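The values are calculated or read from the model by the stated rules, or taken from the named source; none is laboratory data. Because the structure is a prediction, the values reported are computed rather than measured. Every residue, glycine among them, receives a Cβ derived from its backbone with ideal geometry; neighbour counts consider all protein chains shown.
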Amino acid sequence: MFWNPSIERMPKKDLEKIQEKKLRALVSNAYNYSRFYRKRFDELGIKPEDVKSLDDVQKLPFTKKSDLRENYPFGMFAVPLSQIVRFHASSGTTGKPTLVGYTENDVRVWAESLCRGLVSCGVTHEDIIQIAYGYGLFTGGLGFHYAAEMIGATALPISAGNTARQIELMKDLGVTVIACTPSYMLYMAEFAEKMRTSIRETKLRIGIFGAEPWSEETRRRIEEKTGIVAYDVYGTSELSGPLFTECVERNGLHIWADHFLIEVIDPKTGERVGEGEKGELVVTTLSKEAMPLLRWRTGDITVMETEKCNCGRTHPRIMRILGRSDDMLIVRGVNVFPSQVEHVLMQIPELGEHYMIILDRVENLDEMTIQVELSEKVQIDKPA
């Protein structure tokens, strides 16, 4: 199923022409209307006319989260405040919050992008979607809310928490789709058992999970416990919110190339890695008006694929997020991501969902210890 078939199945060469045209316009607008980018370009001796092709994006500097914090609140904006219809912000737990502004068109593009994703997962206008992401300054809840209404589905804006009520409404209203974090879905399944019921007894058929890294084994556990089909979703507050999902093939998340230009780089050198190699996701927003981002370093580690998907969509895909570039552990010269550890642990049925990685140095050698909780179903014989 397709939301916008002419765009989603557009030949790659035609998509690249759209990207090239939008990139040139973006660079020109950023230079002319964004104080931050004009200053950065002038410092580096870059002129908008230097960017003629998609490869020329590599001439541009990266944009980092520190840039947003240092230019808080409005220094990154490229439109007057009179054109801003919405603010969202990160929590700011590691410093000042990152503020993101939206024009009316930014909100529309955000919703339409996620519409494509929902439909690619099999969601239709007949579905009831329980949105258990947070609402408010966090973008998760509202992103799904607008997309659900745009495709004609029924939105249940329950937000996060109050799990007993979540399960009660899921059963009473005949909810068919849920959007939340994967860890909350697992918790909800366990909570339902304590209520002497089961998610399997509901009409739920699809789950769309994100906002935290999760593994294939976590997907397997969710599906085993609930009987639903679990899909991945990706987005960041700086890019707009939830934007990209897997399709029914579940072989990567489709990045809508008419709105976003992506690269994958070595997080240490900043150089591009080859297709199929792990690296940090970098995104250039081709359609954002209020706060355009050039070569935004997401900090998320993934793999990019550009081959046409079996679903018929021609847009590039990223594989499941492996973790954060700043979460990567180096153990005796080997790069280890927590998601890889989770993938192994989740294959052991006697283990619970929570674990702790302890990295220490013993006699000049790295030593990694993993502490794991046991499943509640495991019985431990106590000494007499």
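Take the residues of region 271-293 that are among the hydrophobic types (A, V, I, L, M, F, W, C), in a loop (DSSP other than H, G, I, E, B) and under 19 Å from the mean Cα position of the chain (by Cα): which is surrounded by the most Cβ atoms within 10 Å (Cβ to Cβ)?
So, considering only residues that are among the hydrophobic types (A, V, I, L, M, F, W, C), in a loop (DSSP other than H, G, I, E, B) and under 19 Å from the mean Cα position of the chain (by Cα), the one surrounded by the most Cβ atoms within 10 Å (Cβ to Cβ) is M291.
For region 1-18, how many residues meet the condition of being part of a helix (DSSP H, G or I) and either of a type in the set (S, T, N, Q) or touching a His at 6+ places or on another chain (Cβ under 6 Å) (or both)?
1
Taking region 160-180, which residues are part of a loop (DSSP other than H, G, I, E, B), modelled with pLDDT of 95 or more and surrounded by 17 or more Cβ atoms within 10 Å (Cβ to Cβ)?
V175, T176
For region 229-270, what are the residues that are part of a strand (DSSP E or B), without any contact (Cβ under 8 Å) to a residue 60 or more places away in the chain and more than 19 Å from T63 (Cα to Cα)?
Scanning region 229-270 gives a single hit, A230.
Here is a list: W296, W214. Which entry is at pLDDT below 95, closer than 24 Å to A89 by Cα and buried (at least 22 other Cβ atoms within 10 Å of the Cβ)?
W214
Looking only at region 345-374, count every residue that is assigned to a strand (DSSP E or B), modelled with pLDDT under 85 and closer than 21 Å to E217 by Cα and tell me the total.
So the count comes out to 3.
Give K21, K39, K52 a once-over and let me know the one that is in a loop (DSSP other than H, G, I, E, B), loosely packed, with under 15 Cβ neighbours inside 10 Å and more than 25 Å from the chain's Cα centre (by Cα).
Result: K52 is the single residue among K21, K39, K52 that is in a loop (DSSP other than H, G, I, E, B), loosely packed, with under 15 Cβ neighbours inside 10 Å and more than 25 Å from the chain's Cα centre (by Cα).
It is to be established whether one or more residues within region 88-99 are in contact with an Asp or Glu (Cβ under 9 Å, 6 or more places away or on another chain), modelled with pLDDT of 95 or more and crowded, with 18+ Cβ neighbours inside 10 Å.
Within region 88-99, none of the residues are in contact with an Asp or Glu (Cβ under 9 Å, 6 or more places away or on another chain), modelled with pLDDT of 95 or more and crowded, with 18+ Cβ neighbours inside 10 Å.
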